[in-house]
1. Please list 63-70, 22-29 highest first by mean number of surrounding beta-carbon atoms within 10 Å per residue.
2. Starting from the Cα of residue 107, step 7 Å along the direction of its Cβ; do the same at residue 40; then give the gap between the two resulting points in nm.
3. Note the full-extension length gain between residue 47 and residue 24 as 0.36 nm times their separation in residues minus their Cα-Cα distance, in nm to one decimal.
4. How big is region 7-134 by Rg and Dmax over its Cα atoms, in Å?
5. Report the calculated FRET efficiency for residue 85 and residue 114 (r = Cβ-Cβ distance, R0 = 22 Å), to the nearest 0.05.
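What follows is calculated from the coordinates using simple rules that are stated; it is not laboratory data. Remember, it's a predicted structure, so these values are computed and weren't measured experimentally. In this analysis, Cβ positions are derived from the backbone assuming ideal geometry, glycine residues included, and neighbour counts consider all displayed protein chains.
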């Protein structure tokens with residue numbers, strides 16, 4: 001079992017094993033098969049200085065890390081992603097509308113990253129291409145129609 005809370009202005013996570021052992025964690029933790037993935041997820045976002053982000057930024061960073069781990073995992077974890085926040089004011093979970101907003105923010109972030117690579121000057125810019133017309137959507141002219149028969 002996993003518990004989380006705030007005491008004296010400090011967050012904590014408490015794991016209680018089936019054998020009754022207990023361990024308190026200060027940063028992050030996951031139980032079961034998700035444990036190794038929690039480490040991977042947190043390592044993948046360490047450079048974003050998560051402890052010094054506001055809650056909205058932290059939710060986007062964590063969502064992206066978890067989503068990436070789910071994509072890479074062959075077993076043990078999967079969607080949906082449910083984010084729970086434990087602050088000094090209490091514990092909450094995101095509503096469906098809120099988590100859709102977080103997912104949209106992650107997608108916008110990924111797009112901004114793709115675009116930012118262009119500004120690094122690491123390669124040759126892709127040439128502008130004229131739009132390709134889909135000729136199969138227009139009905140053929142009357143004189144081009146196949147004879148009935």
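1. Details: 63-70: 19.5, 22-29: 11.6.
Per-residue Cβ counts within 10 Å, averaged per peptide and sorted highest first, yield 63-70, 22-29.
2. Placing both labels 7 Å along Cα→Cβ, they lie 2.4 nm apart.
3. Values: separation 23, 0.36 × 23 = 8.28 nm, distance 2.43 nm.
Answer, rounded to one decimal: 5.8 nm.
4. Rg, Dmax (Cα atoms, Å): 19.0, 67.
5. Values: r = 29 Å, r/R0 = 1.31.
With a Förster radius of 22 Å, E is 0.15.
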